[in-house]
Amino acid sequence: MIRVSDITVFLKCPRMCYFTNNGHNLVKDITPAYIERLILKELALSYGSAFGTEDAVSFLDEELNRLSTEIRVIYRNELSGIDEDTLANSVAAVRSCLGDICSNLSSNGDFYANELVQDEPVVCSEKFGLSGSPDRLIKINDAFVPSIIKAGNMPQNGIWQGDRIQLTAYSILVEEKYNSVVERGFVEYARWGKVRAVVIKRHERRKVLQIRDKIKKIQGGFMPEKPKDAPCEYCGFTGMCDVKSTLASRFF
Ligand code: SF4
């Protein structure tokens with residue numbers, strides 16, 4: 001079974017996907033910026049409730065107080081080596097964003113009016129050999145729609161290509177589970193309090209299936225070519241990655 005998270009790793013670098021599928025951990029540098037993203041992602045789950053209050057900033061301020069103690073329970077592994085001061089600084093950095101976040105929440109009224117079915121539902125398709133867990137599943141009229149929360153940068157328009165592929169993969173899984181058609185999904189940009197709707201396109205559905213097939217080959221032991229634009233400077237696999245490409249890998 002291929003996970004949607006395998007697809008997101010593949011999009012960063014197919015070789016990273018090879019190493020993670022061979023039992024190596026994707027080492028994440030736990031920087032203050034990374035901790036801020038974890039907090040923002042959790043906080044974004046409360047934006048819909050904040051939208052319905054008279055004073056959204058105070059509401060999210062209280063939510064941050066709650067999260068400053070609960071975040072360690074939720075991200076136990078990731079935050080195990082992080083001291084209290086570092087965590088407090090990251091909470092303070094997120095607190096400084098609350099004004100900007102709340103000034104944008106009103107533009108998402110239609111989105112927050114939808115019924116939230118479940119946070120992080122596991123969706124899986126034997127038929128497509130895919131599984132994953134979108135951040136939220138919402139119901140619009142009678143249709144189930146996936147939504148993902150991103151705490152990194154937001155593009156000026158639309159959404160990032162990687163997010164589009166990830167959302168498309170979740171849409172395929174949701175369609176399978178509910179025997180429905182997913183025409184659009186959502187990306188919630190947590191740092192700005194903005195939600196963008198995305199039309200699920202045919203060529204991206206095709207791309208998801210093509211990547212799935214490439215990951216199947218990787219799981220069968222195939223090492224893909226080192227991409228020219230691979231993010232090697234931020235990668236923990238540099239030491240084990242210096243392998244010459246083969247003729248076969250060039251046609252991957
Ligand atoms: S070192 Fe570069 S090519 Fe190798 S897995 Fe990492 S990002 Fe990919």
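Bear in mind these aren't lab numbers, they're just calculated from the coordinates by the rules spelled out. Quantities reported herein were computed from a predicted structural model and do not represent experimental measurements. Don't worry about glycine lacking a Cβ; one is built from the backbone with ideal geometry, like all the others, and counts go over all protein chains shown.
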Computed for region 47-139: size of charge dipole around the Cα centre, +1 on C-beta of each Lys and Arg, -1 on C-beta of each Asp and Glu, debye to nearest 20, value 340 debye
In a Gaussian network model of the chain with springs linking alpha carbons closer than 10 Å, the residue among CYS235, CYS17, CYS102 that fluctuates most is CYS235
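In whole Å, what three semi-axes, largest first, describe the equivalent ellipsoid of region 32-107 built from its Cα gyration tensor (square root of 5 times each eigenvalue)? List each step's numbers first, then the result.
Values: eigenvalues 106, 26, 20 Å².
They are 23, 11, 10 Å, listed largest first.
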Ratio for the chain, C-alpha Rg to 2.2 N^0.38 Å, reads 1.08
With bins of 10 Å, the percent of all Cα-Cα pairs of region 78-223 per bin from 0 is 10, 34, 31, 19, 6
To the nearest 10 degrees, the tilt of helix 84-95 (Cα long axis) against the first principal axis of the alpha carbons of the chain is 70 degrees
For LYS214, the aspartates and glutamates lying under 16 Å Cα to Cα, once residues fewer than eight places off in the same chain are dropped, come out as ASP6, GLU204, GLU225
Dividing the helical contributions, -39500 (n - 2.57) per DSSP H run of n ≥ 4, by the residues of the chain yields a 222 nm value, nearest 500 deg cm²/dmol, of -14000 deg cm²/dmol
Where a ≥ b ≥ c are root eigenvalues of the Cα gyration tensor, a/c under 1.5 meaning rounded, otherwise prolate if a/b exceeds b/c and oblate otherwise, region 143-252 counts as oblate
Beyond 27 Å (Cα-Cα) in this structure, taken from LYS194/LYS216; LYS127/LYS207; LYS28/LYS150; LYS127/LYS201, we find LYS194/LYS216
